[in-house]
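Undergrad: To start, I am sharing the structure in question, which I have written as structure tokens.
Values quoted throughout were computed directly from the atomic coordinates according to the rules given, and no laboratory measurement underlies them. All of these numbers come straight from a predicted model, not from anything done at the bench. Using ideal geometry, Cβ is built from the backbone for each residue, glycine included, and neighbour counts are taken over all protein chains shown.
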Amino acid sequence: MSNPDYSKLLDAEIHDYLAYNASFMPDDPSLENIRLAYLAFCQAIQPALPEVTFSDANIAGVPTRRYAGKTPNALVVYFHGGGFAMGNLESHHAICMEMCDKTGLDVLAVDYRLTPEHPYPAHFEDALAVVDALDEKMILAGDSAGATLAASVTLKRREKIHAHMLIYPWLDAPGEHDSHRTHAEAPILTTEAIFEFEALRLSGQPRPKTSDYFPLMGDDFNDLPPSYISIADCDPLCDEGTLYNTLHMFSGGESVLMEEAGLMHGHLHARHHSARAMEAFEHICEGLRNLSAWEKPPF
């Protein structure tokens with residue numbers, strides 16, 4: 001697709017949501033102001049929350065928040081998005097609470113350190129430390145940069161992880177895939193912004209060539225636990241999720257690719273403003289339930 005027409009690819013509800021989101025953007029786009037605007041937006045769109053109990057605790061020195069599911073036969077360890085530079089337990093509080101309510105699974109949100117105050121590998125080290133400290137049936141999950149962490153830690157600890165769920169994942173260096181060019185000016189996340197987020201993540205370091213940094217930089221996709229990968233078709237990152245799904249299956253693993261038409265990056269936050277975004281959220285929750293029930297073949 002060349003020169004995509006987002007006025008036609010995205011419906012009226014999504015366009016209304018995008019306009020509301022844009023109204024929160026500060027005149028001075030410093031990182032601190034953008035962080036504050038993002039949290040203010042997340043608070044403004046927070047829906048009526050389900051009755052789910054939760055508690056905060058430090059695990060391996062990392063702040064976390066655990067949501068108690070009604071039928072917790074697995075623990076979803078959730079890493080939030082935000083380009084490694086934004087977001088926290090509050091930005092994804094409603095998402096994790098509703099995910100817990102809809103799946104019945106326990107959800108553990110991880111408040112990893114952010115860049116540029118704590119450049120790579122701080123966020124990866126926090127994610128890995130939390131997983132290493134747990135002895136439960138774990139599904140690692142995350143959106144965007146959080147999906148980077150979910151996949152990277154799964155590759156590092158594949159023998160310990162039950163499954164993983166990647167939501168519009170960021171899995172490779174900026175500019176490496178056709179979708180970075182096709183959707184360079186997509187709503188919410190542009191290709192230019194991806195480069196800017198990576199510069200913050202590195203903070204002057206050379207780019208590492210390891211799956212701990214970007215999962216698609218790895219060369220071993222054997223013996224991975226099953227995955228669900230949710231991609232949005234109007235997202236510069238969409239090709240990365242497709243490639244990860246292909247590599248996982250070609251290496252003998254089980255993976256499901258959920259291609260969500262009519263949506264852009266970050267649509268989790270739009271689920272109460274868009275029927276299409278809520279449908280995608282239901283697909284994600286169904287995928288988590290399916291992953292929790294998955295059993296490894298006895299061979």
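Undergrad: Going by the alpha-carbon gyration tensor, a ≥ b ≥ c the square roots of its eigenvalues, is region 12-53 rounded (a/c under 1.5) or, if a/c is not under 1.5, prolate (a/b greater than b/c) versus oblate?
TA: Numbers: a/c = 4.18, a/b = 1.36, b/c = 3.07.
Oblate shape, in that a/c is at least 1.5 and b/c is the bigger or equal ratio.
Undergrad: Can you put H180, H283 in order, fewest other beta carbons within 10 Å first?
TA: Arranged by neighbour count, lowest to highest, H180, H283 become H283, H180.
Undergrad: Pairs K8/K102; K160/K296; K70/K137; K70/K156; K209/K296; K102/K156: which are spaced more than 23 Å apart, C-alpha to C-alpha? Walk me through the numbers on the way to the answer.
TA: Numbers: K8/K102 31 Å; K160/K296 13 Å; K70/K137 16 Å; K70/K156 30 Å; K209/K296 31 Å; K102/K156 29 Å.
Listed pairs above 23 Å: K8/K102; K70/K156; K209/K296; K102/K156.
Undergrad: Pick out which of S30, S274, S251 has the largest mean-square fluctuation in a Gaussian network model of the chain, springs linking Cα atoms closer than 10 Å.
TA: S30
Undergrad: So how far apart, in nm, are the two label points at R181 and L31 if each is 7 Å from Cα heading toward Cβ?
TA: Here the answer is 3.0 nm between the modelled labels.
Undergrad: With N set to the number of residues, divide the alpha-carbon radius of gyration of region 160-258 by 2.2 N^0.38 Å and report two decimals.
TA: For region 160-258, the normalised Cα radius of gyration comes out at 1.09.
Undergrad: A further question follows. For region 70-86, what does the Karplus curve 6.51 cos²θ - 1.76 cosθ + 1.60, with θ = phi - 60°, yield as ³J(HN,Hα) per residue in whole Hz, taken in order and with x for Gly and Pro?
TA: 7, 9, x, 8, 7, 10, 8, 8, 10, 10, 6, x, x, x, 6, 10, 9
Undergrad: Next question. What does the extension gain come out to for F250 and D16, with contour length at 0.36 nm per residue minus their alpha carbon separation?
TA: 80.2 nm
Undergrad: Got a sec? How would C234, C100 order by Cβ neighbour count within 10 Å, fewest to most? Could you put the intermediate results ahead of the total?
TA: Numbers: C234 25, C100 28.
Ordered from fewest to most neighbouring Cβ atoms within 10 Å, C234, C100 come out as C234, C100.
Undergrad: What is the fewest-to-most order of T53, T154 by other Cβ atoms lying within 10 Å of their Cβ?
TA: Neighbour counts put them in this order, fewest first: T53, T154.
Undergrad: If you don't mind, another one. Which of N33, N21, N73 moves most in a GNM of the chain, Cα contacts under 10 Å?
TA: N33
Undergrad: A further question on this structure: Charges only on Cβ, +1 for Lys and Arg, -1 for Asp and Glu: so what's the dipole of the chain about the Cα centre, in debye to the nearest 20?
TA: 620 debye
Undergrad: On a full-extension model of 0.36 nm per residue, what is the gain between Q43 and A261, subtracting their alpha-carbon distance, rounded to one decimal in nm?
TA: Gain on stretching Q43 to A261: 75.8 nm.
Undergrad: So for the pair A122, R289, with labels modelled 7 Å out along Cα→Cβ, what separation do we get in nm?
TA: Result: 4.0 nm between the two label points.
Undergrad: What's the longest piece of the chain with no exposed trypsin sites (Lys or Arg not before Pro), counting a site as exposed if DSSP puts it in a loop and it has at most 12 other beta carbons within 10 Å?
TA: Value returned for the longest uninterrupted segment is 71-208.
Undergrad: Would you grab the residues whose amide H sits under 5 Å from the one on L263? Only those 5+ places off in sequence or on another chain, please, with H modelled 1.01 Å from N.
TA: D233, C234
Undergrad: OK, next. Looking at the chain as a GNM with Cα springs under 10 Å, which of T148, T71, T115 has the largest mean-square fluctuation?
TA: In this elastic network of the chain, the residue with the biggest mean-square fluctuation among T148, T71, T115 is T71.
Undergrad: List every residue whose amide H lies under 5 Å from the amide H of H118, counting only residues 5 or more places away in sequence or on a different chain, with H placed 1.01 Å from N in the peptide plane.
TA: Here the answer is none, since no amide H 5 or more places off falls under 5 Å of that of H118.
Undergrad: Sequence gap at least 6, Cα distance under 8 Å: using those rules, report the relative contact order of the chain to the nearest whole percent. Write out the running numbers ahead of the final one.
TA: Working: 587 pairs, mean separation 53.1, N = 299.
RCO, the chain: 18 percent.
Undergrad: Output needed: percent of Cα pairs per 10 Å distance bin for region 87-186, bins running from 0 to the one holding the longest distance.
TA: It works out to 14, 44, 33, 10, 0, in whole percents.
Undergrad: If you don't mind, there's one more thing I want to ask. Between E192 and S7, what is the label-to-label distance in nm when each label sits 7 Å out along the Cα-to-Cβ direction?
TA: Label at E192, label at S7, 2.1 nm between them.
Undergrad: Once the Cβ-Cβ distance between S55 and D135 is put in as r, and R0 is 25 Å, what FRET efficiency do you end up with, to the nearest 0.05?
TA: 0.85
Undergrad: Let me ask another. For region 8-293, what is one quarter of the convex hull surface built on the Cα atoms, given in nm²? Please list the in-between numbers first.
TA: Numbers: hull surface 54.1 nm².
Projected over every direction and averaged, the Cα hull of region 8-293 covers 13.5 nm².
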